[in-house]
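Report on the structure given below.
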Amino acid sequence: MNVILRNLTKRFDSTLVVNGVSLDVADGELFFLLGPSGCGKTTLLRLLAGFYQPDAGEIRFGPRPMNGVPPNRRNTGMVFQNYALWPHLNVFENVAYGLDVRKVTGAERSRRVEEALAIVQMNDYAKRSPAQLSGGQQQRIALARALVIRPDVLLLDEPLSNLDAKLRLEMREEIRRIHRETKLTTIYVTHDQQEALALADRIALMRDGGIEQVGTPLELYRSPRSAFVSEFLGAAHFIEGNVVAVLDSHHVRITTPIGELECAADAQPGQRVTCAVRPNDVIALRG
């Protein structure tokens, strides 16, 4: 299911939280909304889920307009940051909850819960309570509960933020594996650059309610369109200079206080530019 956003805007009182966002998420894509705290990424995810309604703009899931459609009619599965498992239900019952709401019963209910638990490799834990599970196991159950309803779009709200470093690495691989198996259109919110760079098919980097740049992890890392994008995705040194020659369609020569540099850029002679140099791009030569 492809997801289309056009000029989406959301305010809370006088605060503009989402500012004219337009995005196209392809069918089956693992798409990341990345940015610092307060940039609007979680609000955008909640607009997609139907928890908020936009003040302006349009949301479409495939050909279907979603504006005004309540959450229970969007067929989205959502995994929250705090897992939100029912403490009085065991693992099987937690996963089955969405099916119970949809009046799926009997053998079909059991089969679908078992399939979802198999995808997250938690079949052996079906009778345990959430309190008997580790954080990583609880996260798997939250994923299974989202998957069991066979959603058109899977929404993940910083799902690994409550895990320790080792578990985060393990769950990254699990999420990538599950995405490969299910081929679900997945929109994933995080402020963790490493998570996004390691997992995403494409990333929308957000700032102050808008989109700074959209592209693959390599495109954003290697060809940032602003100093903010470059700095947010990793350490960089910025050197001001003037373009003195166009070398080819993708490279120019600039003169700077430290000498002439050849850079990847789309610029014209005489143009003032800022060159971002990452530490891993520097090669030390022995004289």
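Each reported figure results from applying straightforward, stated rules to the coordinates on display, with no laboratory input. These numbers come from a predicted model, not from an experiment. Note that each Cβ is placed from the backbone with ideal geometry, even for glycine, and that neighbours are counted across all protein chains shown.
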## Note on the structure
Hydrodynamic radius by Kirkwood for segment 94-224, inverse mean 1/r across distinct Cα pairs, in Å, is 16.1 Å
### Message
Modelling each spin label as a point 7 Å along the Cα-to-Cβ direction, I'd like the residue 192/residue 169 distance in nm, to one decimal.
### Response
1.2 nm
### Summary
What the Cα atoms of segment 3-222 span along the principal axes, largest first and in whole Å, is 46, 38, 31
### Message
How would 251, 191 line up from fewest to most surrounding beta-carbon atoms within 10 angstrom?
### Response
251, 191
### Query
Whats the longest run of the chain with zero chymotrypsin sites (Phe, Trp or Tyr not before Pro) that are DSSP loop and have at most 14 other Cβ atoms within 10 Å?
81-287
### Query
Once the piece of chain linking residue 181 and residue 237 is laid out straight, how much longer is it, given 0.36 nm per residue of separation minus the C-alpha distance between them?
16.1 nm
### Query
If we count every other residue with Cβ under 12 angstrom of residue 25's Cβ, Lys/Arg +1 and Asp/Glu -1, where does the sum land?
-3
### Query
Taking the Cβ-Cβ separation of residue 82 and residue 222 as r and a Förster radius of 35 Å, what is the calculated FRET efficiency to the nearest 0.05?
0.50
### Task
May I ask you to list, by number, the DSSP H helices of the chain whose Cα span along the axis is at least 15 Å and whose average Kyte-Doolittle hydropathy reaches -1.0 or more?
91-101, 106-119, 135-147
### Message
As a footprinting exposure proxy, order 46, 11 by other Cβ within 10 Å, with the fewest listed first.
### Response
11, 46
### Neighbour-count ranking [beta-carbon atoms within 10 angstrom, fewest first] of 214, 113
214, 113
### Query
Using helices alone, what [θ] at 222 nm do you get for the chain, with -39,500 (n - 2.57) per DSSP H run of 4 or more residues, divided over all residues and rounded to the nearest 500?
-8500 deg cm²/dmol
### Message
Along the Cα→Cβ direction, 7 angstrom out, place labels at residue 134 and residue 75. What is the inter-label distance in nm?
### Response
3.6 nm
### Message
Can you give me the long-range amide H partners of residue 17? Hydrogens built in the peptide plane at 1.01 Å from N, cutoff under 5 Å, separation of 5 or more residues or another chain.
### Response
10, 11, 12
## Note on the structure
Quick calc, residue 251 & residue 22: beta-carbon distance into FRET formula, R0 35 Å, rounding 0.05, result 0.70
### Message
List the trypsin sites (Lys or Arg not before Pro) within segment 68-166 that DSSP assigns to loop and that have no more than 14 neighbouring Cβ atoms inside 10 Å.
### Response
102, 103, 127
### Simple label model, 7 Å out from Cα along Cβ direction - residue 266 to residue 60, nm
2.5 nm
